[in-house]
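First the structure, in the form of structure tokens, and then the observations on it.
The values are calculated or read from the model by the stated rules, or taken from the named source; none is laboratory data. Remember, predicted model here, so these are calculated numbers, not experimental data. Glycine gets a Cβ as well: all are built from the backbone with ideal geometry, and neighbour counts include every protein chain shown.
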Amino acid sequence: MHIPDGFLTPAVWAALDVGAIPVVGYFVRRTQRTFEQSRIPLLGVLGAFVFAAQMINFPIWTGTSGHLVGGALLALTLGPSAAVVVMTAILAVQALVFQDGGLLALGANVLNMAVIGVWAGYLPAKLLGRQAGSRRVAAFAGGWLSLMAGALFASIELWLAQVAPAGPLFASMLGIHALTGLAEGAITAASLAAIERLNPGFVYANVGRPHPPAAKAAEEPLARRAAVTGR
């Protein structure tokens, strides 16, 4: 799904680059306001995990392979806003260091995978809630939907750039990602189930309720200490 340079026309990639900047900036500010300071190390840990997992390809069909994208996985562990920030950092490193996705097409890839993919992956859990019976269904559906949503918007961008006729382009992109989405959903559900067994309550904790603002989270331990000591 990483769009390389040379596939999008200047008008398309420039518009997407310009559009991605304020969108990512909004989620950076939102994460700074709402993400708990005690959870900040998890941004690096889970970002590194998803970055490494994206490097491992698995066969889907003859001549076709896929890899974990991790949008739903990040959204259901970190929250969607923080997941956007982490996924953007992953995509930027991949483009700058490994040439996985173009530099000029970075805005398109960020919008497709870090914004649309992350929020699409979060949507099933948001709709189904945090009930134990629906968690694996939400995780699987979120993994599949995150890939399909990103592939759909990538197809639209490639169509606008007149890379190929709409019919073959959409059929190929959505057909391949419908298959890779099954693997994405299965890996997402299995990974979240394993994390939940190790740390009950960690996964899905943000679904249906926001984290307290960072400033408030930092003040709460001080308030408790003052209540105990009288100072």
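Per-structure values
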{"item": "Test: residue in segment 72-81 that is surrounded by 16 or more Cβ atoms within 10 Å (Cβ to Cβ) and modelled with pLDDT under 85", "result": "no"}
{"item": "Segment 108-167, subset β-branched (Val, Ile, Thr) and within 17 Å of the chain's Cα centre (by Cα), residue nearest to residue 70 (Cα to Cα)", "result": "118"}
{"item": "Residues (at pLDDT 75 or above and in a loop (DSSP other than H, G, I, E, B)) located in segment 191-214", "result": "199, 200, 203"}
{"item": "Pair list, Cβ < 7 Å and 6+ apart or interchain, from segment 155-174 residues that are over 15 Å from residue 5 (Cα atoms) to residues that are assigned to a helix (DSSP H, G or I) and hydroxyl-bearing (Ser, Thr, Tyr)", "result": "169/155; 170/155; 173/155; 174/155"}
{"item": "Neighbours by Cβ (under 7 Å, 6+ apart or cross-chain): first from segment 19-44, loosely packed, with under 12 Cβ neighbours inside 10 Å; second in a helix (DSSP H, G or I) and modelled with pLDDT of 90 or more", "result": "none"}
{"item": "Answer residue from segment 146-159, given it is of a type outside the set (Phe, Trp, Tyr) and surrounded by fewer than 22 Cβ atoms within 10 Å (Cβ to Cβ) and is farthest from residue 74 (Cα to Cα) among those", "result": "158"}
{"item": "Residue 69 vs. criteria modelled with pLDDT of 90 or more, among the β-branched types (Val, Ile, Thr) and in a helix (DSSP H, G or I)", "result": "no"}
{"item": "Members of segment 160-183 that are among the hydrophobic types (A, V, I, L, M, F, W, C), within 18 Å of residue 110 (Cα to Cα) and surrounded by 17 or more Cβ atoms within 10 Å (Cβ to Cβ)", "result": "161, 173"}
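A quick yes/no check of all residues on (1) among the hydrophobic types (A, V, I, L, M, F, W, C); (2) modelled with pLDDT of 85 or more; (3) surrounded by 19 or more Cβ atoms within 10 Å (Cβ to Cβ); (4) touching a His at 6+ places or on another chain (Cβ under 8 Å):
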| residue | (1), (2), (3), (4) |
| --- | --- |
| 61 | yes, no, no, no |
| 64 | no, no, no, no |
| 98 | yes, yes, no, no |
| 101 | no, yes, yes, yes |
